[in-house]
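Report on one structure; see the data block that follows.
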Amino acid sequence: MRILMLSDVYFPRVNGVSTSINTFRDDLIALGHTCVLVAPEYPGPPERPDDPDIIRLPSWRVPFDPEDRLLVWPRLIAWGRTVARGDFDVIHVQTPFTAHYAGLRLARQIGAPVVETYHTYFEHYLHHYVPALPETWTKGFARRLTVSQCHAADQIIAPSPQMADALRAYGVTAPIATLPTGLPASAFVKGDRSGFRARHAIPESRPVALFVGRVAHEKNIDFLLRMLAELRKTIPDVLLLIAGEGPAEGHIRTAAALLGLEQNVLMLGNMDRGQTLRDCYCAADVFVFASRTETQGLVLLEAMAQGTPVVSTAVMGTADVLSGMHGATVAPENEVEFARLTKELLNAPGRRAALGRLAVADAEMWSSSHLTQRLLHLYQSVKARQPRDMEAA
């Protein structure tokens, strides 16, 4: 099968969308399929420059969020004119920005169906980036835009049942399939705990909690800082690692300082998705997470694949990931109770090790190869139900 993916975000921008694209694409190629990805250029050397099927096009910086990009429309359209009927069997749109509208245009041009993954819960996201507008207005706008865009596609993919339910509650009537991103085999390659701690001057005995993700307001990192302040009352040397970058970095540094947590927080920036990030997961004693807007929560699975037990709230996609898990503890969004559950793990190395073993077994249930087979079947079914007159147009 010949698949064209379009996205306004990809590595080196590290987030769940980039990871999802990379994981599915690698597995599709391993199965013998062609998967061309059109993605933005970023400053600096490109990732995977030896891959001829990654097309990098010029991009604009996004206002209020300079780490992200938008594909430049005229350049994207100019590239699209080189695509001929029969070049691709399906178009898979990964972002609801320039890529969405270009995907629809290309679909009409070549007579291919459009599959679109709804990765981000924009209702609880948009108001952080346009704070001058009332939150009720931004939520309403996000819902209306979501419904309009979903109805323009032939098939919607939601990364979790909770996200699928939210889309249906909006009034989306387009076909919706639930398909999370799986973990590649490389996620289970054991990281170097001691090496990572040595590189960052973290003593082996120091209790370490870890957050991995985009440093953005919707990730609820402020709550983790307040929880950390509570936890420090009983574990004074506890350290919270924050691995990621994003528009809220300055805010998080200021919030940590106001809570007197300068010696208890270490911001690491983005990490290489290969060995370095695995080392980071492995170096932590517990992974902590409290985002309210995850459509899946892939970082929870990545942590568990390294044998790091999880303490997390269960909201939206994280509720789906944590359902039935034995290597994770579900915590309420209450600083005192979350801190108590985290303290119990940090103070019990035997229990922590047992939960870590269970966490690896939990993560193995999310194999990417199995989920990619499901994606391929979805492509084939969408292609099969495509009207013949569209194919011949």
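The values are calculated or read from the model by the stated rules, or taken from the named source; none is laboratory data. Just so it is clear, the model here is predicted, and its values are computed rather than measured. Don't worry about glycine lacking a Cβ; one is built from the backbone with ideal geometry, like all the others, and counts go over all protein chains shown.
Brief remarks follow.
- Hey, Leu57 modelled with pLDDT of 95 or more and in contact with a Pro (Cβ under 8 Å, 6 or more places away or on another chain) or not: yes
- Leading residue by the ranking (surrounded by the most Cβ atoms within 10 Å (Cβ to Cβ)) among those in the range 142-175 that are in a loop (DSSP other than H, G, I, E, B) and at pLDDT below 95: Pro159
- Restricting the range 316-340 to residues that are part of a loop (DSSP other than H, G, I, E, B) and surrounded by 20 or more Cβ atoms within 10 Å (Cβ to Cβ), the residue that is modelled with the highest pLDDT is Ala331.
- Selection from the range 190-203 of residues that are out of contact with any helix residue (DSSP H, G or I) (no Cβ under 6 Å at 6 or more places or on another chain) and either assigned to a loop (DSSP other than H, G, I, E, B) or within 30 Å of Glu123 (Cα to Cα) (or both): Lys190, His200, Ala201, Ile202, Pro203
- Residues that are surrounded by 23 or more Cβ atoms within 10 Å (Cβ to Cβ) and modelled with pLDDT of 95 or more number at least 3 in the following helices (runs of 4 or more DSSP H) confined to the range 206-309: 221-231, 275-283, 298-305.
- Test: residue in the range 191-213 that is within 26 Å of Gly317 (Cβ to Cβ) and among the basic types (Lys, Arg): no
- Evaluating Ser186 against the criteria (1) hydroxyl-bearing (Ser, Thr, Tyr); (2) within 20 Å of the chain's Cα centre (by Cα); (3) modelled with pLDDT of 95 or more leaves one unmet condition, (3).
- The residue that is farthest from Thr120 (Cα to Cα), among those in the range 2-41 that are under 18 Å from the mean Cα position of the chain (by Cα) and surrounded by fewer than 18 Cβ atoms within 10 Å (Cβ to Cβ), is Asp26.
- Residues within the range 112-141 that are under 23 Å from Ile21 (Cα atoms) and at pLDDT 75 or above, tallied: 9
- Residues located in the range 98-127, provided they are surrounded by fewer than 19 Cβ atoms within 10 Å (Cβ to Cβ) and aromatic (Phe, Trp, Tyr): Tyr101, Tyr125
- Filter result for the condition that a residue is closer than 23 Å to Ala187 by Cα, part of a loop (DSSP other than H, G, I, E, B) and either in the same structural domain as Glu245 (by TED's automatic domain parsing) or not β-branched (Val, Ile, Thr) (or both), over Tyr42, Tyr10: Tyr10
- Residue, nearest to the chain's Cα centre (by Cα), within the range 77-96, restricted to residues that are closer than 14 Å to Ala107 by Cβ and surrounded by 17 or more Cβ atoms within 10 Å (Cβ to Cβ): Val93
- Test: residue in the range 284-293 that is closer than 20 Å to Val14 by Cβ and free of Cβ contacts under 8 Å to residues at least 12 places away in the same chain: no
- For Thr329, the test of being touching a residue at least 12 places away in the same chain (Cβ under 8 Å) and touching a His at 6+ places or on another chain (Cβ under 7 Å) is failed.
- Among the candidates Val62, Val90, residue that is at pLDDT below 95 and under 22 Å from Thr146 (Cα atoms): Val62
- Residue match in the range 176-184 (condition: in a helix (DSSP H, G or I) and buried (at least 22 other Cβ atoms within 10 Å of the Cβ)): no
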